[in-house]
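Working notes for the structure below.
The values are calculated or read from the model by the stated rules, or taken from the named source; none is laboratory data. Here the structure is a predicted model, which is why all the values come from computation and not from measurement. Glycine also receives a Cβ, built like all others from the backbone with ideal geometry; neighbour counts cover every protein chain displayed.
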Amino acid sequence: MEERKQPPEALHAWLIMLKAWQSMSRYLLQALAEEGLGESDFRVLEVLLHKGPMPVNAIGPKVYLNPGSVSVAVDRLYKKGFVSRVECSADRRVRTVSLTEKGRQMFVPLFRRHAALIKGAFQDVTSEELEQVERVLKKIGKRADALATKKYRSVLG
């Protein structure tokens, strides 16, 4: 009797994605640790490098950190001289965070190294496979967002 292969299950695919994410994180975080940075520090520096100066409260949603985590990361980066904080003259509650020249000199080479490490990890993936992975992950992400929005709306009544 021939054994039929079972179709993959969503839970199994999720576990594989999670394990791949964890492996990539472990691999990439080593370079950050060598610079004395954590993942949240990296996220804040990356958004400032690519988006420019912004108020502290605008950083969190862009880097998926809660306000407290952003404040702690900004404090750490400020103490190292990598970012500056300037209070708004019109509203002292608003502080704009900017990458300093020292921060830029440290972070630009680190970001390039980070990108090269990612490229190295994807080295054995063909262009077609990469396009397929992107399509599938976007599809999953959009569906999860729609389900989360639907659930959030039903909770609010």
Of the listed residues (G68, G36, G52), the one being surrounded by fewer than 11 Cβ atoms within 10 Å (Cβ to Cβ), at pLDDT below 95 and closer than 25 Å to A116 by Cβ is G36
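Restricting the search to the range 29-60, which residues are part of a helix (DSSP H, G or I) and of a type in the set (D, E)? Don't jump to the end; show me each part of the working.
Start the filter on the range 29-60 by keeping residues that are part of a helix (DSSP H, G or I), which leaves 29-34, 39-51, 56-60.
E34, E39, D41, E46 - these are the residues of the range 29-60 that are part of a helix (DSSP H, G or I) and of a type in the set (D, E).
For V63, indicate whether it is without any contact (Cβ under 8 Å) to a residue 60 or more places away in the chain, among the aliphatic types (A, V, I, L, M) and over 21 Å from M24 (Cβ atoms). First the steps, then the outcome.
Numbers: without any contact (Cβ under 8 Å) to a residue 60 or more places away in the chain: yes; among the aliphatic types (A, V, I, L, M): yes; over 21 Å from M24 (Cβ atoms): no.
Criteria not met by V63.
Here are V94, V74: which of them is touching a helix residue (DSSP H, G or I) at 6+ places or on another chain (Cβ under 9 Å) and surrounded by 15 or more Cβ atoms within 10 Å (Cβ to Cβ)? Spell out the reasoning first.
Values: V94 fails: surrounded by 15 or more Cβ atoms within 10 Å (Cβ to Cβ).
Step by step, each of V94, V74 is checked, and only V74 is touching a helix residue (DSSP H, G or I) at 6+ places or on another chain (Cβ under 9 Å) and surrounded by 15 or more Cβ atoms within 10 Å (Cβ to Cβ).
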